[in-house]
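Shown next, in structure tokens, is the structure this report addresses.
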Amino acid sequence: MSWRIAGFCALSVSISVGCQAPSIAPGEQVSRTFSSRVVRTVGYDYLLYLPQDYTADSGKRWPLVLFLHGAGERGSDVNMVKLHGPPKLVAEGRKFPFILVSPQCPAKTRWNPDALNALLDEIVSQYSVDPDRVYLTGLSMGGYGTWDLASAYPNRFAAIAPICGGGAPWVARTELAKMPAWVFHGDQDQTVPIVFAEKMVEALRKVNAPVRFTVYPGVGHDSWTETYNNPEFYDWLLAQKCVPFAVPPG
């Protein structure tokens, strides 16, 4: 089953639009403030999988896994997303106890955190999703997308699992300090060298984040096949749950 989501992202920046420039004496430097509202339309084609015993009217809330594919599956044929990962397993007959959402990134673009968040908003509004059990995983370009999306919306996810990707360690230290993460990488990866994952894991460990790191000896870029075929991966993922952050007194 495939669907398309089109939504709106409103981005506010602090800048004031006027018809006439305020006066300023030549040779001077002064401070100014600008504010404007930018609205853009975002959309993804995506594959949607519902568990076998899913019923919208049962009152049960279901966990949701958002899967982000790699660069090779970009384009306009959403069936390309079935090439790897959980969508491939579903296509082969695997049954999962969670809602699986697998968007397709358009050609020549990268994952957009705001668009992905809008997609999740749409899914949560239409299906019986447990908001405390929303999970994020991706491979290669999708591994990068996993780090980026989780950093942009850290309170959205109960856990993340980036595979053969990398991110911004300085963001991870602040935004992902309490996020359960399981990172996977092959030590012979020539496409995305393992150092990119090591820097993320090191940054998280410095702030005592709940991070696990699995390195596959002798494995190149494809560290996702073994990961997504491992039942322990799904057991760990589904065991995580969002815990409200304690607000310091004061």
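One table, with the values for the structure above:
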item: Boolean, Arg110 is among the charged types (D, E, K, R), surrounded by fewer than 17 Cβ atoms within 10 Å (Cβ to Cβ), without any contact (Cβ under 8 Å) to a residue 12 or more places away in the chain and part of a loop (DSSP other than H, G, I, E, B); result: no
item: From Gly186, Gly167, Gly145, residue being at negative phi, touching a residue at least 40 places away in the same chain (Cβ under 8 Å) and not hydrophobic (A, V, I, L, M, F, W, C); result: Gly145
item: Exclusive hit being aromatic (Phe, Trp, Tyr), crowded, with 20+ Cβ neighbours inside 10 Å and part of a helix (DSSP H, G or I), set Trp170, Trp182, Trp147; result: Trp147
item: Every residue from region 35-54 that is without any contact (Cβ under 8 Å) to a residue 40 or more places away in the chain and either closer than 28 Å to Asp77 by Cα or not in a strand (DSSP E or B) (or both); result: Val39, Arg40, Thr41, Asp53
item: Residue ID - farthest from Cys105 (Cα to Cα), chosen from residues in region 55-73 that are at pLDDT 95 or above and in a loop (DSSP other than H, G, I, E, B); result: Arg61
item: Residue that is surrounded by the most Cβ atoms within 10 Å (Cβ to Cβ) [pool: residues in region 185-211 that are of a type in the set (A, V, I, L, M) and assigned to a loop (DSSP other than H, G, I, E, B)]; result: Val192
item: Evaluation of Ser102 against (1) in contact with a His (Cβ under 8 Å, 6 or more places away or on another chain); (2) surrounded by fewer than 24 Cβ atoms within 10 Å (Cβ to Cβ) (one fails), failing number; result: (2)
item: Lone qualifier among Ala107, Ala118, Ala161 - being among the hydrophobic types (A, V, I, L, M, F, W, C), farther than 22 Å from Thr191 by Cα and modelled with pLDDT of 95 or more; result: Ala118
item: Residue check, Val81 crowded, with 16+ Cβ neighbours inside 10 Å, touching a Phe, Trp or Tyr at 6+ places or on another chain (Cβ under 6 Å), within 22 Å of Thr227 (Cβ to Cβ) and at pLDDT 95 or above; result: no
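The values are calculated or read from the model by the stated rules, or taken from the named source; none is laboratory data. The structure presented is a predicted model; accordingly, all values stated were derived computationally and were not measured. Positions of Cβ are generated from backbone atoms using ideal geometry, with glycine treated the same way; all protein chains shown enter the neighbour counts.
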